[in-house]
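The values are calculated or read from the model by the stated rules, or taken from the named source; none is laboratory data. Computed from a predicted structure; not experimentally measured. Cβ placement follows ideal geometry from the backbone for every residue including glycine, while neighbour counts extend to all protein chains displayed.
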Amino acid sequence: MRKKISLFLLVCGAGALFFIHCSSSSLGDQLQFGIHAAQKDLWDEAIFRWKKVIQSNPESASAHNNLAVAYEKKGWRDKAEEQYKKALSLDPNNSYIQSNYEKFKERPRSGEKENEKN
């Protein structure tokens, strides 16, 4: 009986590890997909992908940073600033995020490009 329980726990543990690996791989894919979309100026698609990452992993500083960049490109400064601050709170020593946020703050505030949605 103990052997069956041990085998069951081993199989469950391996399955959980596989699921975690696939899940984190999928999040990485979503991050990359968003980057490719952004490179093609498909900001709505990039936002969709990075929101999916944040939904699954709210602690992803890079997803918050990327989302901030996308919001900035859309002209949604308030949302962009919120995401930059969140990214920095998650990874305060990340020089890339710090640089993005500093550049964001230096840019003059102009009229909103579009109405802020979602």
For Lys40, the lone unmet condition from (1) among the basic types (Lys, Arg); (2) exposed (fewer than 13 other Cβ atoms within 10 Å of the Cβ); (3) touching a Gly at 6+ places or on another chain (Cβ under 9 Å) is (3)
Pairs, please: C-beta under 7 Å, at least 6 apart or cross-chain, first residue closer than 13 Å to Ala37 by Cβ and surrounded by fewer than 24 Cβ atoms within 10 Å (Cβ to Cβ) and in the stretch 60-77, second at pLDDT below 95 and of a type in the set (Val, Ile, Thr)?
-> none
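This table checks each residue for (1) modelled with pLDDT of 95 or more; (2) more than 11 Å from the chain's Cα centre (by Cα).
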| site | (1), (2) |
| --- | --- |
| Gly28 | no, no |
| Ala37 | no, yes |
| Leu42 | yes, yes |
| Ala63 | yes, no |
| Tyr71 | yes, yes |
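Quick check: is even one residue across the stretch 7-19 of a type in the set (Val, Ile, Thr), crowded, with 19+ Cβ neighbours inside 10 Å and either at pLDDT below 95 or in a helix (DSSP H, G or I) (or both)? Steps first, please.
Initial filter on the stretch 7-19 (of a type in the set (Val, Ile, Thr)): 11.
Subsequent filtering for residues that are crowded, with 19+ Cβ neighbours inside 10 Å retains none.
No, because not a single residue in the stretch 7-19 is of a type in the set (Val, Ile, Thr), crowded, with 19+ Cβ neighbours inside 10 Å and either at pLDDT below 95 or in a helix (DSSP H, G or I) (or both).
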